[in-house]
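What follows is calculated from the coordinates using simple rules that are stated; it is not laboratory data. For clarity, every value in this text was computed on a predicted model and none was experimentally measured. No Cβ is skipped: glycine too gets one built from the backbone with ideal geometry, and neighbour counts run over all protein chains shown.
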Amino acid sequence: MRPRVFALVPVGTLEGAKSRLGGALDAEERHDLAVRLLRRTLAATTGLPAIAETIVVTPDDEVRTVAAEERARPIRQQSQGLNRGLAEARDEAVAAGADAVLVLPMDLPFVSADALEAVLAPLLERAAVAATRTPLVVLVPDRHGRGTNALLVAPPGAIEFGFGGDSRAGHAQCAAEAGAAYVELTDGPLSVDLDTPEDLLVVQELSPEAAHAQ
């Protein structure tokens, strides 16, 4: 039986979004960039049949409007902080019958349905071979090898979310403590995020067309 995977996309407020890009973009440009990145992310998750539903958790009214327009389910974040917001979204996913959750930031310029398929592949391959109760964690680190740019967890509560700082090491440790099978995918399109002026230059070097589209 194919596992039901829910994508969880956490988004803060658009006002002041991407402030670390302030040296390269003004406030309006950063806002527009954030909206375009969000729409691109949701197009990838909602366009992938292996993802049953996409949940966007945010305190921002505009973000919830965009999420609804892109066929995702918006929920208003009640708590403070990224990891607490993700826990709220995970609870919603579990209540809807999720077998796994895929946590995806909205600032990955090269996100696509094909890139997400690579993250889901270990889960789908395992399900096709035999049923197993061993938890699974699939992680895509950022290009610096410290952060987490995508995180698949099956079952959804197998580990706690620890985004922020050196989250790659933290999530790997949590997976080990939970006795989970751990898969790390490096150097793919999801390893690039867009957070600093240096990141903008990297995107432009890798794909000038993609940089222009941002």
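Assuming a ≥ b ≥ c are the square roots of the Cα gyration tensor eigenvalues, decide whether the range 67-175 counts as rounded (a/c under 1.5), prolate (otherwise, with a/b larger than b/c) or oblate.
The shape class here is rounded.
Quick one: if you stick a label point 7 Å off each Cα along the C-beta vector at VAL94 and ASP166, how many nm between them?
2.9
Taking a label point 7 Å from the Cα of MET1 along the Cα→Cβ vector, which residues of the range 126-151 have an amide N closer than 16 Å to it?
Of the residues in the range 126-151, 127-134 have backbone N under 16 Å from the label point off MET1.
So what's the back-of-envelope 222 nm ellipticity for the chain, counting only DSSP H runs of four-plus at -39500 (n - 2.57) apiece and dividing by all residues, rounded to 500?
Computed ellipticity for the chain at 222 nm equals -12500 deg cm²/dmol.
For the range 36-94, count the residues as N, evaluate 2.2 N^0.38 Å, and divide the Cα radius of gyration by that value, please.
1.08
Report, as a whole number in µm² per second, the diffusion coefficient that Stokes-Einstein gives for the chain at 10 °C and 1.306 mPa s using the Kirkwood radius over alpha carbon pairs.
Rounded, D is 92 µm²/s.
How would THR186, THR54 line up from fewest to most surrounding beta-carbon atoms within 10 angstrom?
THR186, THR54
With both bridge residues required to lie in the chain, what share of the DSSP beta bridges run antiparallel, to the nearest 5%?
Roughly 35 percent of the DSSP beta bridges within the chain come out antiparallel.
Need one number: nm distance between label points at ALA176 and ASP114, each 7 Å from Cα along Cα→Cβ, rounded to one decimal.
3.5
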